[in-house]
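To start, the structure itself, in structure tokens.
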Amino acid sequence: MVRKIERDANRFKQIVRGKIKADLRKYITHGEMIGKTGGEFVSIPLPQIQIPEFRYGPKGGGGVGQGPGDVGTPIGRSGDDPSQGEGAAGDSPGQHILEVELTMDELAEILGEGLALPRIQPKGRANIVEEKDKYTGIRQAGPESLRHFKRTYKKALKRQIASNTYNPADPLVIPVREDKLYRSWNPISLPHTNAVVLYLMDVSGSMTDDQKEIVRIEAFWIDTWLRSQYDGVTTRYIIHDAVAREVDQHTFYHTRESGGTRISSAYNLANKIIEADHPPADWNIYVLHFSDGDNWGEDNRQCIATLRDSILPKCNLFGYGQVESPYGSGEFYRELEEAFEDVPNLALSEIRNKDGIYDSIKEFLGRGR
Amino acid sequence: MSTEHNLPADLRALQVEIEGHAREFGLDFYDTVFEVLDYDELSEIAALGGFPTRYPHWRFGMEYEQLSKGYRYGLQKIYEMVINNDPCYAYLLRCNQRVDQKLVMAHVYGHNDFFKNNVWFSQTSRKMMDETANHGNRIRSAMERHGEETVESFIDSCLSLENLIDIYSPFIKRRGTPDRYDFSAAGEAEGVGRKFRSKDYMDSYVNPPEYLKEMARREEAEAQKARQFPEQPERDVMLFLLEHAPLNAWQRDVLDIVRQEAYYFAPQGQTKIMNEGWASFWHSTIMTTRTLEPSELVDYADHHSGTMATQPGRLNPYKLGIELFRDIEERWDRGQFGPEYDECENSEVKRRWDKKLGLGRKKIFEVRSIYNDVTFIDTFLTPEFCRRHGLFSFKHNDLSETYEIESREFKKIKERLLFGLTNFGQPIIRVKDGNHRNRGEMYLLHEHFGADLKLDHAQDTLRHLHRLWTRPVHLETIIDGRANLLSFDGSEHSVRPLGGISHEQPEPRPVRRG
């Protein structure tokens, strides 16, 4: 018997996957529970839908808690209402997603469905189809070395039974020429595609942990999608304030500098990496840059030049995501908007908060490049 | 789900024992039906708010996902569930140890006593198990006739308005039956605005003109009020919609069901601290004084402390409740109350105060009967208690977008607690006018107590409201210290400042770092 709750659970899943009730989509929050299985932290995706109601916002709000701390000690972020909740985890910042219950393919499929993402048309060597032979067929003729023993004897047995020459007491099966079957091959085309994603992030003082969390979540989904589209995806990470350097993934999400900002440093480094390791003829290149948009004024021109002359001609997509910070957002978004009109492989996105991630991913990946 | 006693013999024996202890302590409860469930079944029923036969809706599926996932990954676990019903239904987890079953049973009898005796539950249906089944059938048959999608999505709209009820209304008869005879004509003859007969030269004395004017004004106001719709701002917005929204029969039925269930659950929200505190008080008392075996001590201590654990920044209602009940019991045992005690300034004398009155037990039973969380905290939270338990108030820092500790002052803590508990932490909103601008538009009024509404939610709630009302809807509220009117006319949202006053200066913009 189907349990009653399964109907409700299925409805919920369908809504999350965007199959029904599009009007609820905007209330889906992609939270996660951090759990432990066998000593390893796992992230359990936990979509939730909040039915809108008249309720208090964070402003002017507050409550009562219990425990140590002085006046002014922070105890929680907006969004996770500290007065509510059963104490589920989820507040360990920078905890990477190590394992999810869904497979990555399923996740990507959900993402693709939900966002109605077009499938990417890989460029470069994707068009050069590599052919490979695979033995998947059967033929009536062929060299004896490829004779399919089992099929041949089956066919002989069939013929003998049909012609009543088979004797179970003396189960002797002798194939004749018509019985003989041979393996055959079919050519399989294997598109050879490689993709590299360069993540660039501003780690200057004005980018807080909240902004980085947004970048982390967004990058996770972008990775997931790209991996579903390519055989192999390489990711590389560049952080910058006034200077840029390449780092590993962990450092990428955990560095905080206090210096000023010079975005061009990151663009130059990205360009160098592309030239050295990822020739555009062989690679599908994605450059995704996240910043709060505050740049050293004179540097903007340099950035635009590097983009126009070096990066944009080489990559499938250059995406710039401007994450709103508590210190306001800078002008870099506008600068790019003005400098590049209607460039098909340039995507700009403003990300207000976590809720903005969903739409931003669509802006980046919705062009199917 | 069967409802007969299917309890295994060992648990049945345990129930008899625990019930005996509970009765001896003076608890007074409905019959209790325990059911033993696997975790999956428990998650299912918990997701359905305790009612296995509730109406279908995706939200229950969402709850279920969370509960079952949380359990599978070892993040959370429900131990027990008790349903306010006569008989009272309670669910036990099959895989629990014996000591857990004892603890849960003792806890259940505490809740059961609370449900039966606390005045805020007195108006709830005690046949809710049957009623939810009935609601389920009604909604299922509406789905068959009008389509699953249509009905479910109408439920979404009703749920969006679910908190717009008047939690006091079950106790108040607001609408008298209309008078059988209308005396208004007779009343008017000696009406307030009428002049007495008098000689001309006496007229200004017998009928003072200011008085006449005042009377005329009052009469006008009365007449105005009679034209007002609703006469008084109506807090039970759901009822107002039931009575006046242009709904068809099945929609009215769905709205009625959602409203009734909201009223059924409201007292649980109003007495969360007390109810959990009371149940915890009794499981702890029964376990430690009667039934705990030495071999069970460590597991009991582990599980009890798990329930009572506090985290920085979170208030555990179980913990706050049980400690307050204990505090009350001790204070009334020692006579630490009344004007003499309150006026004593010497903290050392106060600390040692003991008149050996022994009134504690009696007092806490009285408290469990007639208080709700708001009056409970208002009456029994003391500065000593706040200090002893390390309570603090926190507030939102708009700059850093974090909540931070605001104060450890008693007054502030109490204020925040009471605010959070008032109307179970939900904003109070009334229908001010059901015929706004004489165009049948609905005008709601938010009583602002210092916290702004979440704007996007408010706007989308108006959208849902419009779906029921079908005419433009408005909400008057305060945003950043200014009165504003949020409106939705069926296709567009608008926010219009009203001629209100500003309470706060806008904060200076922070200097940008970069």
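The values are calculated or read from the model by the stated rules, or taken from the named source; none is laboratory data. Keep in mind that this is a model prediction, so the values were computed, not measured. We place every Cβ from the backbone using ideal geometry, glycine too, and count neighbours over all the protein chains shown. SASA here: full protein model, heavy atoms, side chains in, ligands and nucleic acids out. Shrake-Rupley method; radii C 1.70, N 1.55, O 1.52, S 1.80 Å.
Ordering A:T29, B:T291 by accessible surface, largest first, gives A:T29, B:T291; the 1.4 Å probe counts only protein heavy atoms, with every chain in place.
The distance from the alpha carbon centre of the range B:125-144 to that of the range B:349-396 is 41 Å, rounded to a whole number. Once the gyration tensor of the Cα atoms in the range A:224-294 is diagonalised, the equivalent ellipsoid follows with semi-axes of 24, 15, 10 Å, ordered largest first.
Round to a whole angstrom and tell me the spacing of the C-alpha centers of the range B:411-447 and the range A:210-226. Rounded to whole Å, the Cα centres lie 39 Å apart. Taking every DSSP bridge with both residues inside chain B, close to 75 percent are antiparallel. Out of every Cα-Cα pair that the range B:1-66 contains, those further apart than 21 angstrom amount to 42 percent.
With a ≥ b ≥ c the root eigenvalues of the C-alpha gyration tensor of the range A:243-369, is it rounded (a/c under 1.5), prolate (a/b larger than b/c) or oblate? Taking the square roots of the gyration eigenvalues as a ≥ b ≥ c, the range A:243-369 is rounded.
Once both axes come from the Cα atoms, what is the angle between helix B:98-117 and the longest principal axis of chain B, in degrees from 0 to 90, rounded to 10? So the helix axis and the longest Cα principal axis differ by about 30 degrees. For the range B:345-433, the square roots a ≥ b ≥ c of the C-alpha gyration tensor eigenvalues yield an a/c of 1.5 or more together with a/b not exceeding b/c, which makes the shape oblate. Helix B:209-227 and the long axis of chain B differ in direction by around 50°, with both axes built from C-alpha atoms. Interface burial in the range B:396-413 reaches 30 Å² or more for B:H396, B:D398, B:E401, B:T402, B:Y403, B:E404, B:I405, B:R408, comparing the full protein assembly with the chain by itself; accessible area from heavy atoms with a 1.4 Å probe. For the Cα atoms of chain B, what angle does the longest principal axis make with the long axis of helix B:360-370, in degrees from 0 to 90, nearest 10? Compared with the principal axis, the helix lies near 40 degrees. Length available on full extension from B:L359 to B:I78: 0.36 nm per residue minus the Cα-Cα distance, which gives 97.6 nm.
Once all protein chains are placed together, A:Y267 keeps about 0 Å² accessible to a 1.4 angstrom probe. Using the Cβ atoms and a cut-off under 14 Å, what net charge is assigned to the surroundings of A:K26, where Lys and Arg are +1 and Asp and Glu are -1? With Lys, Arg at +1 and Asp, Glu at -1, the neighbours total +1. In summary, the convex hull built on the alpha carbon positions of chain B has an orientation-averaged projected area of 36.6 nm². From largest to smallest, the equivalent ellipsoid semi-axes obtained for the range B:71-119 from the alpha-carbon gyration tensor read 23, 12, 9 Å.
Mean residue ellipticity, 222 nm, helices only, chain B: the sum of -39500 (n - 2.57) across DSSP H runs of n ≥ 4, divided by residue count and rounded to 500, is -16000 deg cm²/dmol. When the solvent-accessible area of chain B is split by element, carbon and sulfur atoms take up 50 percent of it, the probe being 1.4 Å.
Overall form of the range B:47-129: oblate. Here a/c, set by the Cα gyration tensor axes a ≥ b ≥ c, is 1.5 or more, and a/b is not larger than b/c.
Just list whichever of B:K116/B:K362; A:K272/A:K362; B:K355/B:K412; B:K69/B:K454 have alpha carbons separated by over 24 Å in the model shown. Result: A:K272/A:K362; B:K355/B:K412; B:K69/B:K454 exceed 24 Å.
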